Amino acid sequence: MSDPLLQLISTGLGLWIRSRCDQVGDLDLTLQGSSLGLMRGRLQGAVLSARDVRFEGLPLHHAEISSGPIQLDLTWLRPGRMLALKDPFQVKGTVSMPGQPLGDALLSERWRELGDWIAEQLMGLKPLGQLRIENDELELVASVAAQRDPIRKRFRLRAEAGTVVLSASDSPETRAVLPMDPAITITDATLGAGLLTLQGHAIVTPE
């Protein structure tokens with residue numbers, strides 16, 4: 001990346017991305033745009049590849065995301081300074097979440113309400129005790145006061161109507177439709193190799 005302005009914008013955008021995450025491991029960012037467009041604060045798009053990310057308390061093993069045009073505010077652009085973005089922009093891509101860290105996240109204070117809601121909707125029990133990925137199924141575990149051994153049930157998932165639907169492997173009519181941020185649309189959801197993989201698109205609103 002030989003263009004000094006492009007390098008400056010790339011560094012500033014990378015800092016902005018990191019500021020939106022709890023943690024970022026490896027981050028590779030490719031910018032798309034002409035010199036004239038960049039001078040006017042318009043980036044044609046960006047392609048992001050990242051590993052070992054924690055976003056709003058959720059663990060992302062890998063993320064591949066591309067954006068539409070991004071309007072930049074270059075007023076305060078300086079070396080080492082976070083870039084300011086002006087308007088909402090579109091992104092699309094794929095993220096994968098590992099089973100064990102995802103289960104731990106759903107037991108954390110930040111996401112426990114959702115974890116308990118899933119267990120109650122699908123098993124009629126709460127709180128959620130454990131979540132694991134077993135091949136192409138999701139295993140939920142919940143304790144029952146009158147029983148020594150916890151209850152374990154397995155579920156499949158799929159994308160439907162912009163969100164994720166979980167249904168019991170042995171009883172498809174037992175299902176739960178996950179609540180979804182209206183700015184996010186899920187187009188595909190799969191389980192495999194210990195990972196939950198989601199594809200979709202979203203509108204990002206700069207703060």
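Points worth noting:
- Overall shape: prolate for the chain, with the ratio a/c of the largest to smallest alpha carbon gyration tensor axis at 1.5 or above and a/b above b/c.
- Taking only the alpha carbons of segment 4-87, we obtain Rg and Dmax values of 12.8, 39 Å in that order.
- Between helix 4-19 and the chain: long-axis angle, C-alpha atoms, 0 to 90°, nearest 10: 30
- Take the convex hull of the alpha carbons in segment 45-133; its mean projected area over all directions comes to 7.9 nm².
- Between Ser167, Met97, Ser35, the Cα set farthest toward the positive side of the dipole of the chain (charges on each charged residue's Cβ, about the Cα centre) is that of Ser35.
- Placing +1 on the Cβ of every Lys and Arg and -1 on the Cβ of every Asp and Glu, with nothing else charged, gives the chain a dipole about its Cα centre of roughly 380 debye.
- Annotation: peptides 54-63, 16-25, ranked by per-residue average of other Cβ atoms within 10 Å with the highest first, follow the order 54-63, 16-25.
- Gyration tensor verdict on segment 112-172 (Cα atoms; rounded if a/c is under 1.5, prolate if a/b is larger than b/c, oblate otherwise): prolate
- Cross-link reach list, lysines versus Lys126, counting only Cα pairs under 26 Å and skipping chain neighbours closer than eight places: Lys153
- Dividing the summed -39500 (n - 2.57) terms of all DSSP H runs of n ≥ 4 by the residue count of the chain sets its mean residue ellipticity at 222 nm at -6000 deg cm²/dmol.
- Nitroxide proxy distance, nm - points 7 Å out along Cα→Cβ at Glu160 and Ser49: 3.5
- In this structure, Asp136 and Lys86 have a Cβ-Cβ separation that, at R0 = 41 Å, corresponds to a calculated FRET efficiency of about 0.45.
- Mean separation of Cα contacts under 8 Å, 6 or more apart, over the residue count of segment 59-150: relative contact order %: 21
- Extent along the principal axes, Cα only, for segment 99-202: 44, 30, 26 Å, with the longest axis given first.
- Theoretical gain in end-to-end length, Arg110 to Asp26 [0.36 nm per residue, Cα-Cα removed]: 27.8 nm
- For the chain, the longest principal axis of the Cα atoms and the long axis of helix 112-123 meet at an angle of about 40 degrees.
- FRET E, pair Gln71, Ile184, Förster distance 25 Å, beta-carbon r, rounded to 0.05: 0.75
No lab work stands behind these numbers, since they all come straight from the coordinates. No experiment lies behind these values; they were computed from the predicted model shown. Every residue, glycine among them, receives a Cβ derived from its backbone with ideal geometry; neighbour counts consider all protein chains shown.
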